[in-house]
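Here's the structure we're looking at; comments come further down.
The values are calculated or read from the model by the stated rules, or taken from the named source; none is laboratory data. This one's a predicted model, so the numbers in the text were calculated from it and none came from an experiment. Methodologically, a virtual Cβ is constructed for each residue, glycine included, from the backbone with ideal geometry; neighbour enumeration extends over all protein chains shown.
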Amino acid sequence: MRTTSGYQAEGTPAVLERTTLERRDLRPDDIAVRVDHCGVCHTDLHALDAHSPGGLPLVPGHEFTGVVTEAGGEVTRFRPGDPVAVGNIVDSCGICPPCRAGQENFCREFPTLTYQGTDRHDGSTTLGGYSREYVVREAFAYPLPDGLDPAATAPLLCAGITVWEPLRSLGAGPDTRVAVAGLGGLGHLAVKLAVALGAETSVISRSADKAEDARRLGARDLVVSTDPAQVAAARDRFDIVIDTIATEHDLKPYLGMVAMDGTLSQVGYLGSSTVEMMDLLAGRKKLSSAGSGGRPATAELLRFCAEHGVTADVEVLPSARVAEAVDRLRRGDVRYRFVLDLSDLD
Ligand SMILES: NC(=O)c1ccc[n+]([C@@H]2O[C@H](COP(=O)([O-])OP(=O)(O)OC[C@H]3O[C@@H](n4cnc5c(N)ncnc54)[C@H](OP(=O)(O)O)[C@@H]3O)[C@@H](O)[C@H]2O)c1
Ligand SMILES: [Zn+2]
Ligand SMILES: [Zn+2]
């Protein structure tokens, strides 16, 4: 075992405390990564809220960039010194049909998550990227493209890929009208990516406060979801609605804004929801979901972002201020992603 520093949840309600963490010694196909920047995802808040003393150890963080510091004997793609990015999946069975199709995110045995996952070899609980070092199979690490800011790139590895896969699989492009519901970490990247793909893009938000931001991000307009007149005016308007809203909500108004044969892709709230079939019947509408992405799509996203200069709008904080980041994200006070700079852990 080797040790590093990081932030682990303690107590009720869970508070992140700086502590010493253990990392495994490198296996032949592992790399060690010095974590420089890690995004603060709303999923980290959900995990903190669900955390109870005696439960699985929790070190959040599943979108990070850094530098390779060591490589196992069988590693072929990385050398010490290479800039690298890691997302929210760090292993999968590799042989089931989804894994063979490059959709490790849908592994039949469930992919190993970057934190609170179970390591497939030693059964230990994975500890996330709110730490100075992470040890990962090289297959689940991605070369950081030249020219992209490492801090602003970190959120692509969860927020970005989570909206990229549905945008791609639903065919977002020049002939489609896309709406993004919830302008947060996922949402602002969905807007940038949909715009870069050539789609006519709109935002659906709880108020008009983010209208100027929406336009700056490339959206043509913003529909206020709490204004029934605006929602009615947007009826049947969008071929694709990417719903990133972080809490439980009524899907009806969002389905109402989906065009005939269009799709509502619900990626934000992953609990159960009630749907009126008539809201799907009228217009042959589809309800879908997605989560994270496979290795090929993640590599494709990074290439696309390098080509189009797409990264997240970030507020970088020293990791010692992680509690402030968590608190402000909870209050919706970030435009649009906190990223922790972990160099202060040295
Ligand atoms: N499927 C996956 O694999 C996956 C991956 C990552 C994250 N997630 C989930 O996606 C969700 C969004 O994550 P995020 O990091 O983008 O969060 P975020 O930055 O907090 O953004 C969420 C947005 O949802 C809207 N919202 C928040 N509370 C709301 C409420 N009570 N009613 C209506 N709208 C509300 C807000 O948009 P407006 O201010 O514009 O209304 C907010 O900006 C989280 O639930 C997260 O767990 C899923
Ligand atoms: Zn995430
Ligand atoms: Zn599998």
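For the structure I just gave you, tell me whether V33 is away from ligand 2 (no atom under 14 Å from the Cβ) and either touching a residue at least 12 places away in the same chain (Cβ under 8 Å) or buried (at least 22 other Cβ atoms within 10 Å of the Cβ) (or both).
Taking the combined requirement at face value, the residue satisfies it.
Pick out the one residue from L317, L270, L264 that is free of Cβ contacts under 8 Å to residues at least 60 places away in the same chain, under 30 Å from D209 (Cβ atoms) and assigned to a loop (DSSP other than H, G, I, E, B).
Matching residue, one of L317, L270, L264: L270.
What number of residues in the stretch 236-261 are assigned to a loop (DSSP other than H, G, I, E, B), at negative phi and surrounded by 13 or more Cβ atoms within 10 Å (Cβ to Cβ)?
Result for the stretch 236-261: 7.
Matching residues to (1) buried (at least 17 other Cβ atoms within 10 Å of the Cβ); (2) basic (K, R); (3) within 30 Å of I245 (Cβ to Cβ); (4) assigned by TED's automatic domain parsing to the domain that holds A325:
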position	(1), (2), (3), (4)
L48	yes, no, yes, yes
G61	yes, no, yes, yes
E70	yes, no, no, yes
G73	no, no, no, yes
P83	yes, no, no, yes
S92	yes, no, yes, yes
E104	yes, no, yes, yes
R108	no, yes, yes, yes
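For the stretch 329-345, how many residues are assigned to a helix (DSSP H, G or I) and within 18 Å of the chain's Cα centre (by Cα)?
Counting residues in the stretch 329-345 that are assigned to a helix (DSSP H, G or I) and within 18 Å of the chain's Cα centre (by Cα) gives 2.
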